[in-house]
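Here the structure is laid out as structure tokens; the discussion comes afterwards.
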Amino acid sequence: SGVVTVDQLGGSPQAEAGGEPERAGGSDFELLDRLGAGSMGVVYLARDRNTGQRVALKTLHKLVPAALLRLKNEFRRVADLSHPNLVGLYELRSSGEHWYFTMEYIEGRSFHALLDARRSGGGAAHTRVGDSLTGSLASATSGSASASVSASGSLVGAATGSVSVSAGTLASGATETLEAPSVGAEDPESEDPDSWSPKPLLEADEIRSLFVDLIRGVSALHGVGMLHCDIKPANVMVAADRARLLDFGLVVPRVGEQGESLSLSGTPAYMAPEQAAGMAPSEASDWYAIGTMLYEVLGGRRPFLGSTMSILAAKLERDAPPLPEHVQRQSPALARLATALLTRDAEQRPKPAEIFAAFGVEPDGAGTLGQRGLVGRDDELAALHAALDACAGRRPVVVELHGRSGTGKSALTDRFLDEASRRADTIVLRGRCYERESVPYKAFDAVVDALTRYLRRLPRVDAAGLMPRDIHELARVFPVLE
């Protein structure tokens, strides 16, 4: 069967928005429309020729190893998670140099478009899922001017307003001077500091319904140990009165994997102070972004305005300004919640149960990741550690762990790898076969991705010393190694 290629997908993102892409004739997907594009990739509306299903198809313009790694991370970290308030991901595929994945297509409008329509008093703006699916591929073509910031180190001179920060996509590994965004749909400088809305941008029942959906989706993501790290109105789709979180391009494990970089990207207006300072995020960082959205809905503007640099500096210096008194009178409980979520001290922000309670609902049980216990597996765990010890003598060891379904193989493996990763002399590289992937050597592909992440954290000289002489031959099979 044929597969979609970059050439068939319609060329560069600079093509005219109205120009229809070339049909992927003979492939598994017929391209129907171009939904959004950035400097590194593009999203299309496509029809699966085998099932007739309409999907959103996300791909790269060209094979850039770091961008490919990020594309695969985006899919693999949430592909197994199914939740009514998260956009579903379907398949990851490759053919030669061409990689893409498919996902649920949602015809609705972004939360950002909804708020813009209410601000202007106009009708409902209509968008599609691809208009917002740009976080891992670059800024959208929908007018968003929020810069993505890669905080590779702490901000300096914040107290004096002099802030040093690097910008660019996380995947590129390159840094460049960050310039203030131009005035646009999401540019904080385009807003009047005194432009408080006389009433919330949404009706009370809308606020409750949409935010309950959103916090359930975020809790589900946290429940499998992942952090979103780029929650904002443009990354929330509203369709049939239901909100769904999308764009998992910046998702990271809650507890960093070995080889996981602490440099983070995000949108400054919604970024938590600890992210702005280049620190590791936590669940509280995502809740800070939710607090920013709630504050914006209640007051009609975001808590911090100005240039990108001044926003980041302000977040490190002070808590958000209080919502005006008329907002506190109209929505006292939600105003208190928004203020609490925007506390600089992440430990002091409300926990999920408190957030749910503020909206008058019970948690759905998806907010924590339960630790699966091991009963009667001490012998098997000891055998695995003995095999690891044997590797210390530079003798490769292969272990087959087998048993009936549901007997705890995954729990045993997770426990062993967790314990092994705590050893100073051990690097753990994880990989698994995903049923919904059609990629070469998929039993090893994720392991090589993990190796790549580890090597990128090392000083260049140290990483080069670990590379085999024929690395370029291996990179032809695993392009992320380039």
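Remarks
- Under 10 Å, Cβ to Cβ, from residue 104 - net charge with Lys/Arg +1 and Asp/Glu -1: +2
- Vicinal HN-Hα couplings computed from phi for segment 342-359 (Karplus, 6.51 cos²θ - 1.76 cosθ + 1.60; Hz; Gly/Pro x): 9, 4, 5, 6, 4, 5, 8, 6, x, 8, x, 4, 5, 5, 4, 4, 5, 9
- Hz values of 3J(HN,Hα) by residue in segment 303-308 - Karplus curve (6.51, -1.76, 1.60), Gly and Pro given as x: x, 10, 10, x, 6, 4
- Packing-based ranking, highest mean first, of 419-429, 77-87 given that Cβ atoms within 10 Å are counted: 77-87, 419-429
- Cα gyration tensor category, rounded, prolate or oblate, for segment 318-367 with a/c compared to 1.5: oblate
- Residues with amide H under 5 Å from that of residue 197, placed H, sequence gap 5 or more: 300, 301
- As a rough footprinting exposure proxy, the listed residues 394, 301 were ranked by other beta carbons within 10 Å of their own, and the order from fewest upward is 394, 301.
- Restricting the calculation to alpha carbons of segment 208-351 gives Rg and Dmax of 14.7, 49 angstrom.
- Candidate lysines - alpha carbon under 20 Å from residue 62, same-chain residues fewer than 8 apart omitted: 72
- For residue 315, the lysines whose Cα falls under 22 Å of its own Cα, not counting residues fewer than eight places away in the same chain, are 232, 351.
- Packing-based exposure ordering (other Cβ within 10 Å, fewest first) of 196, 287, 99: 196, 99, 287
- In terms of its alpha-carbon gyration tensor, segment 29-106 comes out oblate; a/c meets the 1.5 threshold, while b/c is at least as large as a/b.
- Under Karplus coefficients 6.51, -1.76 and 1.60, residue-wise ³J(HN,Hα) of segment 421-433 in Hz, glycine/proline x: 5, 7, 7, 5, 9, 10, 10, 9, 10, 9, x, 8, 7
- Remark on segment 337-482: Rg and Dmax equal 21.2, 61 Å (Cα only).
- Shape category assigned to segment 402-480 from the gyration tensor of Cα positions, a/c cut at 1.5: oblate
- Positive-pole candidate from 87, 44, 61, dipole of segment 30-103, charges at beta carbon: 61
- Less than 5 angstrom separates the built amide H of residue 90 from those of 102, 103, 104, all sequence-distant by 5 or more or on a different chain.
- Neighbour-count ranking [beta-carbon atoms within 10 angstrom, fewest first] of 397, 439: 397, 439
Read the figures in this text as sums done on the coordinates, not as results from a lab. Quick caveat: nothing in here was measured; it's all calculated off a predicted structure. Note that each Cβ is placed from the backbone with ideal geometry, even for glycine, and that neighbours are counted across all protein chains shown.
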